[in-house]
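The structure appears below as structure tokens.
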Amino acid sequence: MSTHDPVTTIEEDSEHQPKWGMVIDLQKCVGCDSCTVACKAENRTPPGVSYNVVLEEEVGTFPNVRRMSIPRPCMQCDDPPCVLVCPANATYKGEDGVVVINKDRCIGCRYCITACPYGARSFDFGETYEDEMVGFNELQVNEWGTEFGERGGVWSPPVGQVRKCTFCAHRIPRGEEPACVETCIGDARYFGDLNDPNSVVTKFAADPRSFRLKEEAGTNPNVYYLR
């Protein structure tokens, strides 16, 4: 575990309701895609589905041009449009600020995918890596915090349903950070409680360098970036 906010201390305080947030320092991000790989391994997402992608953008004016990497997890919005359009009330925002999907209610209509301005939701068409992915059939823990075996076997994957980043909600109760934060080789990601005025993420969110993606959409995302 990194030296970021001590997640375990938040969990031990039963009277404190955390609001999980993330800060990504774009000056530290090297575009290595280790967050993408870690997320896929942790959540065993199928082919073509990634909760954590790294977008690239060219900034500046020729000849002073450089390429900037912009990681994009789910923004865990305070006003998530995906929740508003769900006809089955399958997607909702938890008390800890994380937007999650109840797979027992999701009907796969994909309205939420269309509504999300960040492209942070994916549909599970049931594709698998089969034997191509080493360790794919080993017993692990999925994003709902339950053990599963082979995809399509003991574990019931959300085939025909929508999937998304949940800040690795199954790791937080164990005092662990999201997999993308833990494996970031540039130490560019910070995870913690936005309700704690002394947390690293709260201080960085108030930093003059801080900004959020598509703030004009009125979603009030809880993922902040540092220029």
Inset, instruction - Determine, yes or no, whether TYR92 is under 20 Å from ASP193 (Cα atoms) and of a type in the set (Phe, Trp, Tyr). - result: yes
Inset, instruction - Given the conditions (1) within 19 Å of CYS39 (Cα to Cα); (2) open to solvent by less than 30 Å² (accessible area, probe 1.4 Å); (3) at pLDDT 95 or above, report the number of the one that GLU182 does not fulfil. - result: (2)
Legend entry - Evaluation of ASN142 against (1) modelled with pLDDT under 75; (2) of a type outside the set (Ser, Thr, Tyr); (3) touching a helix residue (DSSP H, G or I) at 6+ places or on another chain (Cβ under 9 Å); (4) surrounded by fewer than 17 Cβ atoms within 10 Å (Cβ to Cβ) (one fails), failing number: (4)
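State whether one or more residues within the stretch 188-208 are among the charged types (D, E, K, R), assigned to a loop (DSSP other than H, G, I, E, B) and under 28 Å from THR45 (Cα atoms).
no
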Inset, instruction - Might you let me know whether the stretch 83-97 holds any residue that is in contact (Cβ under 8 Å) with a residue 24 or more places away in the chain, closer than 14 Å to THR166 by Cβ, under 20 Å from the mean Cα position of the chain (by Cα) and assigned to a strand (DSSP E or B)? - result: yes
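Given the structure, is ALA90 buried (at least 19 other Cβ atoms within 10 Å of the Cβ) and of a type in the set (A, V, I, L, M)? Spell out the reasoning first.
Values: buried (at least 19 other Cβ atoms within 10 Å of the Cβ): yes; of a type in the set (A, V, I, L, M): yes.
Criteria met by ALA90.
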Inset, instruction - State all residues of the stretch 26-66 that are open to solvent by 90 Å² or more (accessible area, probe 1.4 Å) and either charged (D, E, K, R) or within 30 Å of VAL159 (Cβ to Cβ) (or both); if no residue qualifies, say none. - result: VAL37, GLU56, GLU58, ARG66
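The values are calculated or read from the model by the stated rules, or taken from the named source; none is laboratory data. Because the structure is a prediction, the values reported are computed rather than measured. Glycine also receives a Cβ, built like all others from the backbone with ideal geometry; neighbour counts cover every protein chain displayed. Just so you know, the surface numbers come from the protein's heavy atoms only, side chains and all, with ligands and any DNA or RNA stripped out. Shrake-Rupley method; radii C 1.70, N 1.55, O 1.52, S 1.80 Å.
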